[in-house]
Amino acid sequence: MEGCGNLGNKPYETPDTSKWKAPYVLEFDTKAVKPNPAGVTLPGISYTAKTKALERRAALILRFDAAGAKSDQPGKNQMIMAPVDIPGTAGTLPANYMDTADKGLAKLLAAYCAKGKVKVNVALVRSSIKPDADDAEINAKRLSEWVPTEVEFKNPHPKC
């Protein structure tokens, strides 16, 4: 073992990549949300940049837990929204953007025949993400940590 030096008894350690620091922090609004005719209403979402490397546009990803749903079809449990402007270092996602998120989430939940409380996680990603992105692309383009909430779903058109 010439040329290897004295390695001692220390095992090889891989670098810790779990210390990734999200450039944005998301927070849900704590005010009571007004009911949406779509059947579900997400609380407002505010963002704060923790870095000077700001994004001008980002997309919101919603993932929901349809564990108690009655659908017999395997479907998708996430929705990637279209990009939206995120000017400055802090602000809130626009009300019309959140309304679109509510409507899209309601359609997915209705397809699953979900009702009652639903766990939802949201994250911001770079605007260049594909609409059908897999987990690897989502993780590579993520700008925030996943933030959980729970919403009430009341299907306005129950067929289940």
Quick check: anything in the range 101-114 among the acidic types (Asp, Glu) and touching a Gly at 6+ places or on another chain (Cβ under 9 Å)? yes
If the Cβ limit is 6 Å and pairs must be 6+ apart or interchain, which residue in the range 146-157 that is closer than 23 Å to residue 46 by Cβ and touching a residue at least 12 places away in the same chain (Cβ under 8 Å) pairs with which residue that is among the acidic types (Asp, Glu) and not in a loop (DSSP other than H, G, I, E, B)? none
Please name all residue pairs, on different chains or six or more residues apart, with Cβ atoms under 8 Å, provided the first residue is in the range 132-145 and is farther than 22 Å from residue 93 by Cα and the second residue is of a type in the set (D, E, K, R). 137/130
Members of the range 143-160 found to be open to solvent by 20 Å² or more (accessible area, probe 1.4 Å) and either closer than 20 Å to residue 54 by Cβ or aliphatic (A, V, I, L, M) (or both), listed by number: 145, 147
Give all pairs with beta carbons closer than 6 Å in which a residue from the range 79-96 that is farther than 11 Å from residue 46 by Cα and at pLDDT 95 or above meets a residue that is in a loop (DSSP other than H, G, I, E, B) and open to solvent by less than 60 Å² (accessible area, probe 1.4 Å); count only pairs at least 6 apart in sequence or on separate chains. 83/127
I need the full set of residues from the range 116-137 which are open to solvent by less than 20 Å² (accessible area, probe 1.4 Å) and in contact with a Phe, Trp or Tyr (Cβ under 6 Å, 6 or more places away or on another chain), in order please. 118, 120, 123, 124
State the number of residues belonging to the range 111-139 that are over 22 Å from residue 46 (Cα atoms) and either in contact with a helix residue (DSSP H, G or I) (Cβ under 6 Å, 6 or more places away or on another chain) or of a type outside the set (Asp, Glu) (or both). 11
Quick check, is residue 140 more than 19 Å from residue 26 (Cα to Cα), open to solvent by 30 Å² or more (accessible area, probe 1.4 Å) and among the small types (Gly, Ala, Ser)? no
State whether the residues of the range 60-70 include one that is of a type in the set (Phe, Trp, Tyr), at pLDDT 90 or above and assigned to a helix (DSSP H, G or I). no
Filter the range 5-52 for residues that are open to solvent by less than 70 Å² (accessible area, probe 1.4 Å) and modelled with pLDDT under 85; the one that is farthest from residue 151 (Cα to Cα) is 5
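The values are calculated or read from the model by the stated rules, or taken from the named source; none is laboratory data. Quick caveat, the model's predicted, so the values are computed rather than measured. Note that we place each Cβ from the backbone using ideal geometry, even for glycine, and neighbour counts take in every protein chain shown. Surface accessibility is based on the protein's heavy atoms, side chains included, excluding ligands, DNA and RNA. Shrake-Rupley method; radii C 1.70, N 1.55, O 1.52, S 1.80 Å.
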